[in-house]
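First comes the structure, then the notes that go with it.
The values are calculated or read from the model by the stated rules, or taken from the named source; none is laboratory data. The structure displayed is predicted, hence computed values, not measured ones. Glycine also receives a Cβ, built like all others from the backbone with ideal geometry; neighbour counts cover every protein chain displayed. Just the protein is used for accessible areas: all its heavy atoms, side chains included, with ligands, DNA and RNA removed. Shrake-Rupley method; radii C 1.70, N 1.55, O 1.52, S 1.80 Å.
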Amino acid sequence: MQLSRIFCIFSCYFLVLTCVASAPQNNEPFFELPVQLVGFPVIIAAVRISNFVKKLAYSLNPQTYQSRVKRGLIAFEDEEQFDVPLIEKKLIEEAGQNVCIYERVCAKYAETSLQKSNSQHHLDWNVIFSQYKSSPDPMKDNYLLSVFLGDIIGSPRLCRLLAKRGRQCQIPLID
């Protein structure tokens, strides 16, 4: 009991001496915070806020919700980037020698694709399939190719250039 009382008195004495020795002087503040105590939480908060703002901006961007195929396509503002002979060669390789493009259909969907923003862009499938059904049997694939080429690439000029190169469909559509 005596030992604990002595220990308690020494503790109080030491605490009082520490407070008196560390009492503020004229040029010293009463309470001093270590830089790490303030700096690290501020840095962590700044990083978390900046990450939140980045994620918020990404989620609010309408191109985020665009399909990967459309995001992966290069936007051709300068239409001279099209290599029309190469495109024609690929079309022949994929669809055969008799592949052709309905220039009017391709240009119509290309213009629609350019005019509408991505959030408003919807194809009218009823019109597409009614035209598909009314097109002659050997030309059905070419009709859909014209629709999708116009819609995905979005260049009426490419449709005209392919038609000039002799890929214009000779069998007219039945309207």
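Matching residues to (1) exposed (fewer than 10 other Cβ atoms within 10 Å of the Cβ); (2) part of a helix (DSSP H, G or I); (3) at pLDDT 85 or above:
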{"residue": "PRO41", "(1), (2), (3)": "no, yes, yes"}
{"residue": "ILE44", "(1), (2), (3)": "no, yes, yes"}
{"residue": "ASN51", "(1), (2), (3)": "no, yes, yes"}
{"residue": "LYS54", "(1), (2), (3)": "no, yes, yes"}
{"residue": "GLN63", "(1), (2), (3)": "no, yes, no"}
{"residue": "ARG71", "(1), (2), (3)": "no, yes, no"}
{"residue": "ALA75", "(1), (2), (3)": "yes, no, no"}
{"residue": "GLU80", "(1), (2), (3)": "yes, yes, no"}
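As a summary of the residue check, CYS100 satisfies the conditions (1) over 29 Å from ASN61 (Cβ atoms); (2) at pLDDT 85 or above; (3) open to solvent by 20 Å² or more (accessible area, probe 1.4 Å) except for the one numbered (3). Restricting region 157-174 to residues that are over 17 Å from THR112 (Cβ atoms) and charged (D, E, K, R), the residue that is most open to solvent (accessible area, probe 1.4 Å) is LYS164.
Does GLN115 fit the bill of being out of contact with any Leu (no Cβ under 6 Å at 6 or more places or on another chain), surrounded by fewer than 19 Cβ atoms within 10 Å (Cβ to Cβ) and modelled with pLDDT of 80 or more? No; evaluated as a whole, the condition is false for this residue.
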